[in-house]
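Accompanying notes for the structure given below.
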Amino acid sequence: MRKCFITLVITLLLLPVLSGCWNQKELTDLAFVMAMGVDKGKDKKFHVSFQLVNPGNVSSGQTGGGNGLPIAVYRSSGDTITEAARNATKKVSRRLYYAHTNVVVISEEVAKDSLLYVLDALDRDPEFRTTTELVIAKGSKAEDIVTTLTILDRLPVTKITKQIKFSESMLGENMSINIDDFLNGLLSNGKQPIANGYMLVGDKPTARKAENLQKTTTDAFLQSDGLAVFNKGKLRGWIKHDKARGILWVLDKVNSTDININWEGKKNALSVAPIRSKTKVSVRIVNDKPIINVKIENEGWISEANTAIDLDNPEVIAQIEKLTEKEITKQIKASVKEAQKLKTDILGFGEKVHIKNPPLWKKIQANWDEEFADLQVNVHVDSYIRRQGIRTKPFWSNMQK
């Protein structure tokens, strides 16, 4: 009798654990949100666009895919992100599901006010992944970015995430920045966050039309454009092109890029591509003033030579290395000055000071924006050429004999 009683008790205790399907969701009841755009509203505070995937129209084969467009975009408004999301259910016949959201696009207008109210809703929702890419719409509405159709990638959101990834690995002017990265910068003691800028280029009205998918070249396309600089959650300004690349050099995020070198009076005669690089940032305190030292070790190869040059000559290679060091140093110093003009420490120098000398950091922390603007930053670059490509002497040499 006792044995039967114990068995019954154990069975009852296990029942809640074994009921694994208590919160199941049918796929036909879910609308998968691939991207979200947040603009400033008119009647309400926020105007939110939800890019939903049409699974039946997404194909890995021909561009045409199914019989319709790969995405559907619904718009909703609210004084909070939660209110806007719930109001969207008036238009969508399925429950919005955020576990597959890959990109959140914020307009410049909203970013200038503050991202704090937007990010709290995204960070707090257990269904929303904070590994989602964060993008700032530059010179466009967030809705424009979310509704643009792309030719090479059926899903526009895939184009954005992949383009940022390859821009980081090949060009060095953008880097993957997700919501977690942004929040870490926001909450950091001595560093401010950045985000990628994205813009719609060309004839904007045609960007969301189906005809955009039927052309080899489009009248409107999406393009990354610089880094958005934030201070205390508000957009402070932009850093673009070589200056954005210099920021990535300091943050140790440059995998590869192109460095153009002048040679014997000819502009951009040589191009050097880094193979690997390593950045170390250290702090020295002199008379209660922090001095930042940035040291970079770079190894690269000569990817292009548009002049007659003897790449077998060690002295020539040594000259190229010195010119490469000079160009990298120039880019980094220009980037640091740009950040100092904005009085925003996106380089994490304050973090280094805090680690090096906590008592000093406690004294200057409240006024760090001003301290950072006048901070002395020394840059030292060691660059080495490891390869010359498959041709040592360019064909220019034979033409001039």
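Return the subset of Lys234/Lys278; Lys40/Lys234; Lys333/Lys362 for which the Cα-Cα distance in this structure is over 19 Å, preserving the input order. Result: Lys234/Lys278; Lys333/Lys362 exceed 19 Å. Which entry in (i) 21, 33, 27, 15, 5, 0; (ii) 28, 61, 11, 0; (iii) 23, 44, 27, 6, 1, 0 matches P(r) over Cα pairs in 20 Å bins from 0, in percent derived from the coordinates of this structure? Identified label for the calculated read-out: (iii).
For the chain, the relative contact order comes to 13 percent (Cα pairs under 8 Å, sequence separation of at least 6). Relative to the longest principal axis of the Cα atoms of the chain, the long axis of helix 314-341 makes an angle of roughly 50 degrees.
The distance between label points at Asp312 and Asp113 comes to 6.8 nm (points 7 Å beyond Cα on the Cα→Cβ vector).
To the nearest ten degrees, helix 241-250 and the longest principal axis of the Cα atoms of the chain are 90 degrees apart. In straight-distance terms, cross-link reach from Lys330 covers every one of the aspartates and glutamates whose alpha-carbon lies under 16 Å from its own, apart from those fewer than eight places away in the same chain; here that gives Glu173, Asp242, Asp258, Glu297, Glu321, Glu338, Asp382. Put a dot 7 Å past the Cα of Arg387, heading toward its Cβ, do the same for Leu8, and the two dots end up 7.6 nm apart.
In the full protein context, the stretch 267-401 carries 57 Å² of accessible surface per residue, based on a 1.4 Å probe and ignoring ligands, DNA and RNA. So, with a 1.4 angstrom probe, what is the percent of accessible area on the chain that is carbon and sulfur? Carbon and sulfur atoms account for 52 percent of the accessible area of the chain.
The GluC sites (Glu not before Pro) of the stretch 121-214 meeting both criteria, a DSSP state outside H, G, I, E and B (loop) and at most 16 other C-beta atoms within 10 angstrom of the site's C-beta, are Glu127. Extension gain for Ser303 to Lys289 (0.36 nm times residue separation, less C-alpha to C-alpha distance): 0.8 nm.
A simple count of charges around Lys322, restricted to other residues whose Cβ falls under 12 Å of its Cβ and scoring Lys, Arg +1 and Asp, Glu -1, yields -4. Taking the chain as a Gaussian network of alpha-carbon nodes connected by springs under 10 Å, the highest mean-square fluctuation of the residues Ala318, Ala373, Ala244 belongs to Ala318. Between the stretch 333-367 and the stretch 84-158, how many Å separate their Cα centres? If you average the Cα positions of each part, the centres end up 31 Å apart. Per residue, the Cα convex hull of the stretch 227-359 amounts to 134 Å³. Helix 2-18 and the longest principal axis of the C-alpha atoms of the chain enclose an angle of approximately 60°.
The values are calculated or read from the model by the stated rules, or taken from the named source; none is laboratory data. Predicted, not measured: the structure shown is a model, and the values here were computed from it. Every residue, glycine among them, receives a Cβ derived from its backbone with ideal geometry; neighbour counts consider all protein chains shown. For accessibility, only protein heavy atoms count, side chains too; no ligands or nucleic acids. Shrake-Rupley method; radii C 1.70, N 1.55, O 1.52, S 1.80 Å.
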